[in-house]
Amino acid sequence: MSLPVVDSCCSRNTSPAFEPSELSPGSSTNPSASHENISSSQPVHFAGNRATCPFASASSPDMPTLAVGNGDGGHKKLYYADYLRLDQVLNAQNPISFMKGNPCHDEMLFIVIHQTYELWFKQLLFELDTVRAVLAALNIGEKLISLALHRLTRIREILKLLNDQMRVLETMSPQEFLEFRDYLFPASGFQSFQFRLLEIRLGVRPQDRVNGRWIKGLSPEHQHVVREAQQEPSLFDYVERWLRNIPFREYRGYNFQKSYESAITRMFEIERRTILTKLEPADRGAMLAELSNTYKTFESVFKREVHEELIKTEKRRMGFRATSASLMITLYQEEPMFQLPARFLQMLVDVDEQLNRWRHAHSQMVHRMIGIKAGTGGSLGHNYLKRTVDSQRVFSDLANLSTLLIPRRLLPPLPSVLRDQMRYFHSVEMYDRTMFEVGGGGDEIDWSFC
Ligand code: HEM
(Lines give C-alpha, C1' and ligand atoms only; values in the text may rest on other atoms or scores of the structure.)
Protein backbone atom coordinates (compact mmCIF):
# COMPACT_ATOMS: atom_id res chain seq x y z
CA MET A 1 0.00 0.00 0.00
CA SER A 2 1.22 3.47 -0.65
CA LEU A 3 0.65 6.70 1.13
CA PRO A 4 -2.03 8.97 -0.23
CA VAL A 5 -0.48 11.88 -2.14
CA VAL A 6 2.52 12.50 0.04
CA ASP A 7 5.83 13.78 -1.23
CA SER A 8 8.69 11.43 -0.65
CA CYS A 9 10.21 13.88 1.77
CA CYS A 10 7.04 14.05 3.76
CA SER A 11 6.83 10.32 4.22
CA ARG A 12 10.49 10.32 5.14
CA ASN A 13 9.78 12.91 7.78
CA THR A 14 7.15 10.75 9.34
CA SER A 15 9.45 7.84 10.09
CA PRO A 16 10.32 5.92 12.13
CA ALA A 17 6.97 5.54 13.89
CA PHE A 18 4.96 6.10 10.73
CA GLU A 19 4.37 3.01 8.69
CA PRO A 20 3.13 3.77 5.20
CA SER A 21 1.96 0.19 4.87
CA GLU A 22 -0.54 0.83 7.62
CA LEU A 23 -2.09 3.73 5.81
CA SER A 24 -4.96 3.47 3.42
CA PRO A 25 -4.55 4.38 -0.21
CA GLY A 26 -6.87 7.04 -1.48
CA SER A 27 -7.44 8.67 -4.75
CA SER A 28 -10.74 10.40 -4.87
CA THR A 29 -12.35 13.13 -2.87
CA ASN A 30 -15.52 12.73 -0.89
CA PRO A 31 -17.97 15.46 -1.71
CA SER A 32 -20.11 14.88 1.33
CA ALA A 33 -17.26 14.75 3.83
CA SER A 34 -19.88 13.88 6.41
CA HIS A 35 -18.19 12.70 9.57
CA GLU A 36 -20.61 9.85 10.06
CA ASN A 37 -19.80 8.48 6.63
CA ILE A 38 -16.09 8.58 6.00
CA SER A 39 -14.74 5.43 4.55
CA SER A 40 -11.22 4.44 5.43
CA SER A 41 -10.03 4.81 1.91
CA GLN A 42 -10.66 8.49 1.68
CA PRO A 43 -7.75 10.54 0.54
CA VAL A 44 -5.66 13.09 2.28
CA HIS A 45 -4.39 15.86 0.09
CA PHE A 46 -1.24 17.72 0.70
CA ALA A 47 -2.06 20.60 -1.59
CA GLY A 48 -0.04 23.61 -0.74
CA ASN A 49 2.87 21.59 0.56
CA ARG A 50 3.98 19.70 -2.49
CA ALA A 51 5.73 22.40 -4.41
CA THR A 52 7.26 23.98 -1.37
CA CYS A 53 8.77 21.09 0.50
CA PRO A 54 12.38 22.07 1.23
CA PHE A 55 13.58 18.58 0.39
CA ALA A 56 11.71 18.32 -2.89
CA SER A 57 13.92 16.98 -5.62
CA ALA A 58 14.91 18.82 -8.78
CA SER A 59 11.91 17.24 -10.45
CA SER A 60 9.68 19.76 -8.73
CA PRO A 61 9.06 22.40 -11.38
CA ASP A 62 8.99 25.27 -8.91
CA MET A 63 12.24 24.52 -7.20
CA PRO A 64 15.63 25.33 -8.71
CA THR A 65 18.24 22.73 -7.86
CA LEU A 66 20.74 23.49 -5.17
CA ALA A 67 24.05 21.89 -6.02
CA VAL A 68 25.63 20.05 -3.14
CA GLY A 69 29.15 18.67 -3.08
CA ASN A 70 32.40 18.41 -1.18
CA GLY A 71 34.11 21.17 -3.04
CA ASP A 72 36.50 19.14 -5.14
CA GLY A 73 34.13 17.68 -7.68
CA GLY A 74 33.13 20.90 -9.38
CA HIS A 75 29.95 21.09 -7.36
CA LYS A 76 29.03 24.28 -5.62
CA LYS A 77 29.05 23.89 -1.83
CA LEU A 78 25.65 24.26 -0.26
CA TYR A 79 25.46 27.79 1.04
CA TYR A 80 23.27 28.73 3.99
CA ALA A 81 21.56 31.68 2.27
CA ASP A 82 20.88 29.62 -0.87
CA TYR A 83 19.47 26.70 1.03
CA LEU A 84 17.04 28.96 2.87
CA ARG A 85 16.31 31.09 -0.21
CA LEU A 86 17.10 34.13 1.83
CA ASP A 87 17.39 36.24 -1.30
CA GLN A 88 13.65 35.68 -1.78
CA VAL A 89 12.59 35.75 1.84
CA LEU A 90 14.55 38.85 2.82
CA ASN A 91 13.58 40.76 -0.27
CA ALA A 92 9.89 40.22 0.20
CA GLN A 93 9.28 43.24 2.45
CA ASN A 94 8.13 46.23 0.45
CA PRO A 95 6.33 48.75 2.66
CA ILE A 96 3.89 50.73 0.51
CA SER A 97 4.42 53.88 2.56
CA PHE A 98 8.11 53.83 1.60
CA MET A 99 7.21 53.40 -2.06
CA LYS A 100 4.77 56.30 -1.83
CA GLY A 101 7.49 58.55 -0.43
CA ASN A 102 5.87 58.75 3.02
CA PRO A 103 7.93 56.17 4.94
CA CYS A 104 6.16 54.91 8.06
CA HIS A 105 8.60 53.11 10.30
CA ASP A 106 6.07 50.63 11.74
CA GLU A 107 4.89 49.30 8.41
CA MET A 108 8.03 47.15 8.27
CA LEU A 109 7.06 45.49 11.57
CA PHE A 110 3.50 45.04 10.29
CA ILE A 111 4.73 43.22 7.20
CA VAL A 112 7.31 41.06 8.96
CA ILE A 113 4.80 39.99 11.61
CA HIS A 114 2.25 38.99 9.00
CA GLN A 115 4.83 37.11 6.97
CA THR A 116 6.02 35.29 10.06
CA TYR A 117 2.45 34.29 10.85
CA GLU A 118 1.92 33.03 7.34
CA LEU A 119 5.12 30.96 7.51
CA TRP A 120 3.94 29.39 10.73
CA PHE A 121 0.48 28.80 9.21
CA LYS A 122 2.27 26.92 6.49
CA GLN A 123 4.11 24.77 9.00
CA LEU A 124 0.87 24.18 10.91
CA LEU A 125 -0.81 22.95 7.73
CA PHE A 126 2.16 20.73 7.00
CA GLU A 127 1.92 19.11 10.42
CA LEU A 128 -1.85 18.91 10.37
CA ASP A 129 -1.87 17.13 7.03
CA THR A 130 0.29 14.36 8.41
CA VAL A 131 -1.97 14.00 11.43
CA ARG A 132 -4.92 13.63 9.08
CA ALA A 133 -2.98 11.11 6.98
CA VAL A 134 -2.26 9.07 10.10
CA LEU A 135 -5.92 9.01 11.04
CA ALA A 136 -6.92 8.09 7.51
CA ALA A 137 -5.32 4.68 8.08
CA LEU A 138 -7.46 1.59 8.24
CA ASN A 139 -5.87 0.26 11.38
CA ILE A 140 -4.80 2.94 13.76
CA GLY A 141 -2.50 1.28 16.24
CA GLU A 142 -0.60 2.81 19.12
CA LYS A 143 2.35 3.80 16.97
CA LEU A 144 0.17 5.91 14.75
CA ILE A 145 -1.67 7.56 17.62
CA SER A 146 1.68 8.26 19.21
CA LEU A 147 2.85 9.94 16.02
CA ALA A 148 -0.37 11.94 15.73
CA LEU A 149 0.03 13.05 19.34
CA HIS A 150 3.62 14.05 18.69
CA ARG A 151 2.64 16.20 15.71
CA LEU A 152 -0.31 17.73 17.53
CA THR A 153 1.97 18.67 20.40
CA ARG A 154 4.11 20.57 17.92
CA ILE A 155 1.01 22.26 16.52
CA ARG A 156 0.00 23.35 20.00
CA GLU A 157 3.47 24.77 20.69
CA ILE A 158 3.47 26.74 17.44
CA LEU A 159 0.06 28.15 18.30
CA LYS A 160 1.35 29.22 21.69
CA LEU A 161 4.17 31.03 19.92
CA LEU A 162 1.67 32.75 17.64
CA ASN A 163 -0.23 33.95 20.68
CA ASP A 164 2.94 35.35 22.26
CA GLN A 165 3.87 37.06 19.02
CA MET A 166 0.82 39.31 19.29
CA ARG A 167 2.67 41.22 22.01
CA VAL A 168 5.34 42.32 19.56
CA LEU A 169 2.70 43.82 17.29
CA GLU A 170 1.17 45.59 20.26
CA THR A 171 4.33 47.68 20.61
CA MET A 172 2.91 49.61 17.62
CA SER A 173 0.55 52.32 18.83
CA PRO A 174 -2.87 52.88 17.20
CA GLN A 175 -1.54 56.26 16.02
CA GLU A 176 1.46 54.66 14.37
CA PHE A 177 -0.84 52.18 12.66
CA LEU A 178 -3.09 54.96 11.40
CA GLU A 179 -0.09 56.48 9.61
CA PHE A 180 -0.17 53.75 7.00
CA ARG A 181 -3.54 51.99 7.44
CA ASP A 182 -5.15 53.73 4.47
CA TYR A 183 -2.57 52.23 2.14
CA LEU A 184 -3.78 48.73 3.02
CA PHE A 185 -7.37 48.92 1.70
CA PRO A 186 -8.94 46.54 0.74
CA ALA A 187 -6.35 43.93 1.77
CA SER A 188 -7.00 42.20 5.10
CA GLY A 189 -6.18 39.13 7.18
CA PHE A 190 -9.72 38.19 6.17
CA GLN A 191 -8.06 37.05 2.95
CA SER A 192 -5.51 34.76 4.62
CA PHE A 193 -6.30 31.60 2.69
CA GLN A 194 -3.84 29.61 4.80
CA PHE A 195 -5.74 30.56 7.95
CA ARG A 196 -8.96 29.40 6.27
CA LEU A 197 -7.31 26.12 5.26
CA LEU A 198 -6.17 25.64 8.82
CA GLU A 199 -9.67 26.19 10.15
CA ILE A 200 -11.25 23.96 7.51
CA ARG A 201 -8.76 21.13 7.95
CA LEU A 202 -9.28 21.21 11.67
CA GLY A 203 -13.04 21.00 11.14
CA VAL A 204 -14.66 24.44 10.93
CA ARG A 205 -17.69 24.00 8.63
CA PRO A 206 -19.39 26.69 6.53
CA GLN A 207 -22.39 26.64 8.91
CA ASP A 208 -20.13 27.38 11.89
CA ARG A 209 -18.97 30.67 10.44
CA VAL A 210 -20.11 33.99 11.78
CA ASN A 211 -19.64 35.70 8.43
CA GLY A 212 -19.91 33.69 5.22
CA ARG A 213 -18.68 36.54 3.01
CA TRP A 214 -15.00 35.88 3.66
CA ILE A 215 -14.72 33.57 0.66
CA LYS A 216 -15.72 36.28 -1.81
CA GLY A 217 -12.70 38.32 -0.77
CA LEU A 218 -10.32 35.60 -1.94
CA SER A 219 -8.73 35.43 -5.39
CA PRO A 220 -10.34 32.83 -7.71
CA GLU A 221 -7.31 30.59 -7.25
CA HIS A 222 -7.52 30.72 -3.45
CA GLN A 223 -11.29 30.24 -3.56
CA HIS A 224 -10.68 27.06 -5.50
CA VAL A 225 -8.12 25.74 -3.01
CA VAL A 226 -10.39 26.51 -0.08
CA ARG A 227 -13.46 24.97 -1.72
CA GLU A 228 -11.52 21.80 -2.43
CA ALA A 229 -10.44 21.64 1.20
CA GLN A 230 -14.08 21.88 2.24
CA GLN A 231 -14.79 18.65 0.36
CA GLU A 232 -12.15 16.68 2.23
CA PRO A 233 -12.54 15.00 5.60
CA SER A 234 -11.26 17.26 8.35
CA LEU A 235 -9.33 16.29 11.44
CA PHE A 236 -12.64 16.33 13.31
CA ASP A 237 -14.11 13.82 10.84
CA TYR A 238 -11.15 11.49 11.17
CA VAL A 239 -11.12 11.71 14.95
CA GLU A 240 -14.79 10.93 15.06
CA ARG A 241 -14.40 7.91 12.84
CA TRP A 242 -11.50 6.67 14.94
CA LEU A 243 -13.56 7.06 18.12
CA ARG A 244 -16.52 5.24 16.62
CA ASN A 245 -14.30 2.25 16.02
CA ILE A 246 -12.64 2.14 19.42
CA PRO A 247 -13.12 -1.37 20.81
CA PHE A 248 -14.27 -2.33 24.30
CA ARG A 249 -17.40 -0.21 24.58
CA GLU A 250 -19.09 -3.56 24.35
CA TYR A 251 -17.23 -6.65 25.36
CA ARG A 252 -18.49 -10.08 26.38
CA GLY A 253 -21.65 -8.91 28.07
CA TYR A 254 -20.15 -5.61 29.27
CA ASN A 255 -21.76 -2.48 27.88
CA PHE A 256 -20.18 0.86 28.74
CA GLN A 257 -23.35 2.87 28.23
CA LYS A 258 -25.41 0.60 30.49
CA SER A 259 -22.74 0.64 33.16
CA TYR A 260 -22.54 4.44 32.93
CA GLU A 261 -26.32 4.71 33.20
CA SER A 262 -26.42 2.77 36.45
CA ALA A 263 -23.55 4.84 37.89
CA ILE A 264 -25.35 8.04 36.92
CA THR A 265 -28.63 6.87 38.43
CA ARG A 266 -26.80 6.21 41.69
CA MET A 267 -25.00 9.53 41.61
CA PHE A 268 -28.22 11.48 41.03
CA GLU A 269 -30.02 9.57 43.75
CA ILE A 270 -27.30 10.57 46.20
CA GLU A 271 -27.56 14.22 45.08
CA ARG A 272 -31.35 14.14 45.30
CA ARG A 273 -31.17 12.83 48.84
CA THR A 274 -28.63 15.49 49.78
CA ILE A 275 -30.99 18.21 48.49
CA LEU A 276 -33.93 16.76 50.38
CA THR A 277 -32.07 16.36 53.64
CA LYS A 278 -29.75 19.37 53.66
CA LEU A 279 -31.78 22.16 52.04
CA GLU A 280 -34.65 24.17 53.45
CA PRO A 281 -37.98 23.11 51.85
CA ALA A 282 -38.27 26.50 50.10
CA ASP A 283 -34.95 26.03 48.27
CA ARG A 284 -35.54 22.43 47.26
CA GLY A 285 -37.80 22.96 44.23
CA ALA A 286 -35.32 25.01 42.21
CA MET A 287 -32.44 22.69 43.03
CA LEU A 288 -34.43 19.58 42.12
CA ALA A 289 -35.46 21.17 38.81
CA GLU A 290 -31.81 22.03 38.11
CA LEU A 291 -30.82 18.47 38.93
CA SER A 292 -33.36 17.09 36.53
CA ASN A 293 -32.06 19.39 33.76
CA THR A 294 -28.49 18.25 34.35
CA TYR A 295 -29.66 14.65 34.22
CA LYS A 296 -30.75 15.19 30.60
CA THR A 297 -27.17 16.03 29.61
CA PHE A 298 -25.97 12.80 31.19
CA GLU A 299 -28.81 10.85 29.60
CA SER A 300 -27.52 11.83 26.19
CA VAL A 301 -24.68 9.33 26.69
CA PHE A 302 -27.00 6.32 26.84
CA LYS A 303 -30.20 7.54 25.16
CA ARG A 304 -29.75 8.09 21.46
CA GLU A 305 -32.87 10.24 21.09
CA VAL A 306 -31.62 12.69 23.72
CA HIS A 307 -28.27 12.85 21.96
CA GLU A 308 -29.93 13.44 18.59
CA GLU A 309 -31.86 16.34 20.09
CA LEU A 310 -28.59 17.94 21.19
CA ILE A 311 -27.22 17.50 17.67
CA LYS A 312 -30.34 19.06 16.16
CA THR A 313 -30.12 22.07 18.42
CA GLU A 314 -26.37 22.33 17.68
CA LYS A 315 -25.40 21.80 21.28
CA ARG A 316 -23.36 18.80 20.26
CA ARG A 317 -21.57 17.88 17.07
CA MET A 318 -19.99 14.50 17.69
CA GLY A 319 -22.05 11.39 17.01
CA PHE A 320 -23.56 9.06 19.62
CA ARG A 321 -20.98 6.26 19.47
CA ALA A 322 -18.00 8.57 19.23
CA THR A 323 -19.20 10.57 22.22
CA SER A 324 -19.55 7.53 24.44
CA ALA A 325 -16.16 6.20 23.28
CA SER A 326 -14.46 9.49 24.13
CA LEU A 327 -16.15 9.46 27.53
CA MET A 328 -15.09 5.90 28.22
CA ILE A 329 -11.48 6.74 27.31
CA THR A 330 -11.57 9.77 29.58
CA LEU A 331 -13.18 8.00 32.53
CA TYR A 332 -10.90 4.97 32.35
CA GLN A 333 -7.78 6.78 31.19
CA GLU A 334 -5.65 5.02 33.77
CA GLU A 335 -6.13 1.71 31.97
CA PRO A 336 -2.93 1.11 29.98
CA MET A 337 -4.73 0.82 26.67
CA PHE A 338 -6.50 4.15 27.11
CA GLN A 339 -3.58 6.22 28.34
CA LEU A 340 -2.36 7.25 24.91
CA PRO A 341 -5.84 7.85 23.42
CA ALA A 342 -6.72 9.99 26.46
CA ARG A 343 -3.61 12.13 25.95
CA PHE A 344 -4.46 12.41 22.28
CA LEU A 345 -7.99 13.63 23.06
CA GLN A 346 -6.61 16.12 25.56
CA MET A 347 -4.17 17.42 22.97
CA LEU A 348 -7.01 18.02 20.51
CA VAL A 349 -8.68 20.16 23.16
CA ASP A 350 -5.40 21.99 23.77
CA VAL A 351 -4.93 22.76 20.08
CA ASP A 352 -8.50 23.99 19.76
CA GLU A 353 -8.07 26.13 22.83
CA GLN A 354 -4.83 27.71 21.61
CA LEU A 355 -6.42 28.65 18.30
CA ASN A 356 -9.33 30.14 20.18
CA ARG A 357 -6.92 32.09 22.34
CA TRP A 358 -5.38 33.48 19.16
CA ARG A 359 -8.83 34.58 17.98
CA HIS A 360 -9.37 36.28 21.30
CA ALA A 361 -5.92 37.93 21.39
CA HIS A 362 -6.30 39.13 17.79
CA SER A 363 -9.76 40.50 18.44
CA GLN A 364 -8.53 42.39 21.55
CA MET A 365 -5.55 43.75 19.66
CA VAL A 366 -7.82 44.92 16.83
CA HIS A 367 -10.07 46.70 19.35
CA ARG A 368 -7.03 48.48 20.70
CA MET A 369 -5.76 49.45 17.26
CA ILE A 370 -8.92 50.56 15.46
CA GLY A 371 -11.62 50.64 18.13
CA ILE A 372 -14.95 49.61 16.64
CA LYS A 373 -14.22 50.78 13.09
CA ALA A 374 -14.97 48.41 10.20
CA GLY A 375 -12.04 46.33 8.97
CA THR A 376 -10.15 46.88 5.72
CA GLY A 377 -11.71 43.60 4.57
CA GLY A 378 -15.23 45.00 5.02
CA SER A 379 -16.36 43.18 8.16
CA LEU A 380 -17.59 44.83 11.34
CA GLY A 381 -14.02 44.67 12.64
CA HIS A 382 -13.72 43.97 16.36
CA ASN A 383 -17.45 43.27 16.69
CA TYR A 384 -17.18 40.57 14.06
CA LEU A 385 -13.95 39.10 15.42
CA LYS A 386 -15.18 38.78 18.99
CA ARG A 387 -18.13 36.75 17.73
CA THR A 388 -15.76 34.24 16.11
CA VAL A 389 -14.27 33.49 19.54
CA ASP A 390 -15.81 30.28 20.92
CA SER A 391 -18.34 29.95 18.10
CA GLN A 392 -15.75 28.47 15.71
CA ARG A 393 -14.26 25.95 18.08
CA VAL A 394 -14.05 22.46 16.67
CA PHE A 395 -13.52 20.15 19.60
CA SER A 396 -15.94 21.66 22.13
CA ASP A 397 -17.57 18.26 22.59
CA LEU A 398 -14.29 16.89 23.90
CA ALA A 399 -13.81 19.89 26.19
CA ASN A 400 -17.39 19.46 27.41
CA LEU A 401 -16.72 15.85 28.44
CA SER A 402 -15.81 17.24 31.86
CA THR A 403 -19.55 17.85 32.40
CA LEU A 404 -20.17 14.12 32.08
CA LEU A 405 -17.47 12.92 34.44
CA ILE A 406 -18.36 11.09 37.62
CA PRO A 407 -16.30 10.88 40.79
CA ARG A 408 -13.85 7.98 40.89
CA ARG A 409 -15.55 6.47 43.93
CA LEU A 410 -18.78 6.09 41.93
CA LEU A 411 -17.10 4.85 38.76
CA PRO A 412 -18.02 1.21 38.16
CA PRO A 413 -14.89 -0.95 37.89
CA LEU A 414 -14.38 -2.61 34.53
CA PRO A 415 -14.98 -6.37 34.52
CA SER A 416 -11.74 -8.27 35.00
CA VAL A 417 -12.06 -10.03 31.64
CA LEU A 418 -12.02 -6.62 29.97
CA ARG A 419 -9.27 -5.16 32.14
CA ASP A 420 -7.02 -8.08 31.24
CA GLN A 421 -7.54 -7.30 27.59
CA MET A 422 -6.56 -3.71 28.15
CA ARG A 423 -3.39 -4.39 30.07
CA TYR A 424 0.17 -4.45 28.73
CA PHE A 425 1.21 -7.96 29.59
CA HIS A 426 4.81 -8.72 30.36
CA SER A 427 6.46 -11.65 32.00
CA VAL A 428 9.88 -13.25 31.88
CA GLU A 429 8.34 -16.24 30.11
CA MET A 430 7.43 -13.97 27.25
CA TYR A 431 11.05 -12.93 26.70
CA ASP A 432 13.08 -14.48 23.96
CA ARG A 433 15.25 -16.75 26.09
CA THR A 434 18.13 -16.67 23.59
CA MET A 435 18.81 -13.24 25.00
CA PHE A 436 20.04 -14.91 28.15
CA GLU A 437 21.64 -17.89 26.45
CA VAL A 438 23.90 -15.78 24.24
CA GLY A 439 24.96 -13.65 27.16
CA GLY A 440 22.66 -10.88 26.17
CA GLY A 441 22.95 -9.19 29.53
CA GLY A 442 20.12 -10.88 31.38
CA ASP A 443 22.11 -10.57 34.61
CA GLU A 444 22.45 -6.85 34.13
CA ILE A 445 18.74 -6.27 34.00
CA ASP A 446 17.50 -4.35 37.00
CA TRP A 447 14.49 -6.33 38.13
CA SER A 448 13.79 -4.09 41.07
CA PHE A 449 10.79 -2.59 39.31
CA CYS A 450 8.98 -5.94 39.48
C1 HEM B 1 -2.71 46.17 13.41
C2 HEM B 1 -2.88 44.88 13.30
C3 HEM B 1 -4.13 44.24 12.81
C4 HEM B 1 -5.38 44.77 12.62
C5 HEM B 1 -5.85 46.18 12.91
C6 HEM B 1 -6.21 43.72 12.12
C7 HEM B 1 -7.54 43.88 11.82
C8 HEM B 1 -8.37 42.87 11.39
C9 HEM B 1 -9.76 43.01 11.14
C10 HEM B 1 -10.56 44.28 11.35
C11 HEM B 1 -10.22 41.83 10.71
C12 HEM B 1 -11.66 41.48 10.31
C13 HEM B 1 -11.75 41.39 8.82
C14 HEM B 1 -11.78 42.74 8.16
O15 HEM B 1 -12.85 43.30 8.04
O16 HEM B 1 -10.72 43.22 7.76
C17 HEM B 1 -9.11 40.91 10.68
C18 HEM B 1 -9.19 39.58 10.31
C19 HEM B 1 -8.12 38.74 10.32
N20 HEM B 1 -6.81 39.05 10.63
FE21 HEM B 1 -6.17 40.78 11.37
N22 HEM B 1 -5.49 42.57 12.03
C23 HEM B 1 -4.21 42.85 12.42
C24 HEM B 1 -3.16 41.95 12.48
C25 HEM B 1 -3.21 40.65 12.07
C26 HEM B 1 -2.10 39.74 12.08
C27 HEM B 1 -0.68 40.02 12.56
C28 HEM B 1 -2.54 38.58 11.56
C29 HEM B 1 -1.72 37.37 11.36
C30 HEM B 1 -1.79 36.65 10.29
C31 HEM B 1 -3.94 38.75 11.24
C32 HEM B 1 -4.75 37.78 10.68
C33 HEM B 1 -6.09 37.92 10.50
C34 HEM B 1 -6.94 36.83 10.10
C35 HEM B 1 -6.52 35.39 9.85
C36 HEM B 1 -8.21 37.35 10.01
C37 HEM B 1 -9.49 36.57 9.69
C38 HEM B 1 -10.15 36.19 11.00
C39 HEM B 1 -11.52 35.60 10.82
O40 HEM B 1 -12.23 35.95 9.88
O41 HEM B 1 -11.90 34.79 11.68
N42 HEM B 1 -4.31 40.02 11.57
N43 HEM B 1 -7.99 41.57 11.11
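The values are calculated or read from the model by the stated rules, or taken from the named source; none is laboratory data. Predicted model, so just to flag it, every value in this text is computed and none were measured. Don't worry about glycine lacking a Cβ; one is built from the backbone with ideal geometry, like all the others, and counts go over all protein chains shown.
Assorted remarks:
- Among the residues making up region 390-409, those that are in a helix (DSSP H, G or I), modelled with pLDDT under 95 and under 20 Å from Asp208 (Cβ atoms) are Asp390, Ser391.
- Restricting region 332-345 to residues that are in a helix (DSSP H, G or I) and free of Cβ contacts under 8 Å to residues at least 40 places away in the same chain leaves a set whose member that is farthest from Leu162 (Cα to Cα) is Gln339.
- Identity of the residue in region 300-309, free of Cβ contacts under 8 Å to residues at least 12 places away in the same chain and not in a loop (DSSP other than H, G, I, E, B), that ends up surrounded by the most Cβ atoms within 10 Å (Cβ to Cβ): Val306
- Close contacts from region 150-172, counting a first residue that is free of Cβ contacts under 8 Å to residues at least 24 places away in the same chain and a second that is away from the ligand (no atom under 12 Å from the Cβ), with Cβ to Cβ under 9 Å and a gap of 6+ residues or different chains, come to Glu157/Gln354.
- Filtering region 81-129 to residues that are away from the ligand (no atom under 14 Å from the Cβ) and either hydrophobic (A, V, I, L, M, F, W, C) or modelled with pLDDT under 95 (or both) leaves Ala81, Leu84, Leu86, Val89, Leu90, Ala92, Ile96, Phe98, Met99, Phe126, Leu128.
- Note on region 270-289: residues that are closer than 23 Å to Arg409 by Cα and loosely packed, with under 14 Cβ neighbours inside 10 Å total 6.
- Count - residues of region 356-394 that are more than 10 Å from the ligand (Cβ to nearest atom), in contact (Cβ under 8 Å) with a residue 60 or more places away in the chain and crowded, with 20+ Cβ neighbours inside 10 Å: 1
- Screening region 375-393 for residues that are among the polar types (S, T, N, Q) and under 17 Å from Arg181 (Cβ atoms) and picking the one that is farthest from the chain's Cα centre (by Cα) gives Thr376.
- Residue check for Ile140: surrounded by fewer than 21 Cβ atoms within 10 Å (Cβ to Cβ), among the aliphatic types (A, V, I, L, M) and closer than 15 Å to Phe344 by Cβ: no
- Output for region 230-267, where each listed residue is touching a strand residue (DSSP E or B) at 6+ places or on another chain (Cβ under 9 Å) and either surrounded by 22 or more Cβ atoms within 10 Å (Cβ to Cβ) or among the aliphatic types (A, V, I, L, M) (or both): Phe256
- Of all the criteria given as (1) at pLDDT below 95; (2) touching a Pro at 6+ places or on another chain (Cβ under 9 Å); (3) buried (at least 17 other Cβ atoms within 10 Å of the Cβ), the one not satisfied by Glu335 is (2).
- When residues in region 71-113 are screened for being surrounded by 13 or more Cβ atoms within 10 Å (Cβ to Cβ) and assigned to a helix (DSSP H, G or I), 13 of them pass.
- Among the conditions (1) over 17 Å from the mean Cα position of the chain (by Cα); (2) without any contact (Cβ under 8 Å) to a residue 60 or more places away in the chain; (3) farther than 30 Å from Gln175 by Cβ; (4) surrounded by 20 or more Cβ atoms within 10 Å (Cβ to Cβ), Arg409 misses just one, which is (4).
- Residue in region 371-381 that is touching a helix residue (DSSP H, G or I) at 6+ places or on another chain (Cβ under 8 Å) and part of a helix (DSSP H, G or I) present: no
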